[in-house]
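The values are calculated or read from the model by the stated rules, or taken from the named source; none is laboratory data. Model, not experiment: these values are computed from the prediction. Every residue, glycine among them, receives a Cβ derived from its backbone with ideal geometry; neighbour counts consider all protein chains shown. Surface accessibility is based on the protein's heavy atoms, side chains included, excluding ligands, DNA and RNA. Shrake-Rupley method; radii C 1.70, N 1.55, O 1.52, S 1.80 Å.
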Amino acid sequence: MFEPIFEGVLCTPFDIQMPFIFWNRYSYEGPSRVLSRIGHNFLMFPPADSLAERNGMYAVRIAIDDTYYALLRAEVLQDADQVRSRFTVRGIKKIQENYIVKEIEIKNMITKDATTFKVNAAYLGFKFADSTFDPSDPAELPETTAIPFEVF
C-alpha cells in the first residue's frame, strides 16, 4: 500500500485509494488557503491497528474545497508536527459543464522529491457497467475511441 506503483513515481496505492476519507475519527482544524482556493481542514486519524497506523502514520490532514466540496490537499503526517508527504490538486478545469482535476502534485516532504500528473484529455459521459470493476467477472472491457475525448 505504501510502495510506489512505478519506479521513479511517488504515487502509492494508498494515494490512489485514499482510504483516509472514510476514517471515522477526525477533528476539524478550520479553513486555510490551498493555492488560490479556500479549503476546510480535517485531521483524519487511522483506525487502531490499521495498516496505516502500523506503517507509522499519525494522521492525514485533508483540505476540502469550500465551494465544490472536492479534495484539494492531503498531507500524511508521521507525527503531530512532521508531514511525510503531500498530495495537492494544482489545477481544475471545466469540461462539458463538469469540473475535473487538471494537475496533481505528490511530494515527499522529507526528500523534496515530487511527481506531477497532468491531465491532457478527458473522456466524459461514458457509462460503465458495475461488472467492469468486478475482478471475478470475465466480461470484456468496453471499447473506446479517441473521438469523445476533449483535448485541452
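Taking Lys and Arg as +1 and Asp and Glu as -1, the other residues whose beta-carbon sits under 9 Å from that of Glu75 total +4.
Computed over the alpha-carbon atoms, the stretch 1-42 gives an Rg to Rh ratio of 1.11, Rh here being the Kirkwood radius from the mean inverse distance. With bins 10 Å wide beginning at 0, the percent of Cα pairs of the chain falling in each bin runs 10, 32, 35, 20, 4. Cα extents for the stretch 24-84 along the principal axes, largest to smallest and rounded to whole angstrom: 35, 22, 15. Candidate cross-link partners of Lys107 among the lysines, defined by an alpha-carbon separation under 24 Å and a same-chain spacing of 8 or more, comprise Lys93, Lys118. Counting only protein heavy atoms and a probe of 1.4 Å, the accessible surface of the stretch 1-140 is 52% carbon and sulfur.
Length gained on full extension, Tyr26 to Cys11, computed as 0.36 nm times the residue gap minus the Cα-Cα distance: 3.0 nm.
Straight-line reach from Lys102: taking Cα to Cα under 18 Å and skipping same-chain neighbours fewer than 8 places apart, the aspartates and glutamates in range are Asp15, Asp65, Glu150.
For Ser131 and Glu103 in the same chain, what is the full-extension length gain: residue separation times 0.36 nm, less their Cα-Cα distance, in nm? That pair, Ser131 and Glu103, stretches by 7.1 nm at full extension. Sparsely packed loop sites in the stretch 52-152 (the trypsin sites (Lys or Arg not before Pro) outside DSSP H, G, I, E and B with at most 15 other Cβ atoms within 10 Å) comprise Lys112, Lys127. Annotation for the stretch 58-131: GluC sites (Glu not before Pro) lying in DSSP loop with at most 10 further Cβ atoms inside 10 Å of their Cβ are Glu97. Heavy atoms of the protein chains alone define the surface here; on that basis the stretch 1-117 has 60 Å² accessible area per residue at 1.4 Å probe size. Loop-located GluC sites (Glu not before Pro) across the stretch 1-59 with a Cβ neighbour count of 15 or fewer within 10 Å are Glu7, with loop assigned by DSSP.
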